[in-house]
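Q: Have a look at the structure that comes next, please.
Laboratory data are not the source of any read-out in this text; all were calculated from the coordinates shown. Just so you know, these numbers come straight off a predicted model, no measurement behind them. In this analysis, Cβ positions are derived from the backbone assuming ideal geometry, glycine residues included, and neighbour counts consider all displayed protein chains.
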């Protein structure tokens, strides 16, 4: 039997243990100090202080764990957002690449069309020059034909005998 078993009635025991449900600690009520209980009281005070320190460490650990969980969740959300942004960046880069290719193709097509236009303008100038030359040639030819016709008429009329009024009446 232990030292406390010598007391048959639990109320006669020098220390009554009480369990605090909120903290899960065993608390001992204070009793009138005696020489033997003073040493035990000091030891109990040290035990209480150690329990309080341990409780503080546990509270601090719980807070640190909550902070860590919050930081981890924030980190996971940030990583998810980074992945989304990287996908958007890749999509934007692909669009930019397509636009660059389209611009390059359009630039090449524009150069070809400009070249065609310049060639058409040169041909048009040549055609205008030919048309003016042909028009001038046509006027010259018309004038030549008119002169030839007049020369022919003059020769025909000069070789023709004079017409009598008698011969024409008959």
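Q: Is there a residue being part of a loop (DSSP other than H, G, I, E, B) and free of Cβ contacts under 8 Å to residues at least 60 places away in the same chain anywhere in the stretch 139-161?
A: The answer is yes, given that some residue of the stretch 139-161 is part of a loop (DSSP other than H, G, I, E, B) and free of Cβ contacts under 8 Å to residues at least 60 places away in the same chain.
Q: Could we say that residue 51 is in contact (Cβ under 8 Å) with a residue 24 or more places away in the chain, surrounded by 10 or more Cβ atoms within 10 Å (Cβ to Cβ) and assigned to a helix (DSSP H, G or I) here?
A: Details: in contact (Cβ under 8 Å) with a residue 24 or more places away in the chain: yes; surrounded by 10 or more Cβ atoms within 10 Å (Cβ to Cβ): yes; assigned to a helix (DSSP H, G or I): yes.
Judged against the criteria, residue 51 is a match.
Q: Which pairs do you get when a residue that is free of Cβ contacts under 8 Å to residues at least 60 places away in the same chain and on the phi > 0 side of the Ramachandran plot, found in the stretch 73-87, comes within reach of a residue that is surrounded by fewer than 10 Cβ atoms within 10 Å (Cβ to Cβ) and assigned to a helix (DSSP H, G or I), reach meaning Cβ atoms under 8 angstrom, with the pair 6+ apart or on two chains?
A: Filtered contacts from the stretch 73-87: no entries.
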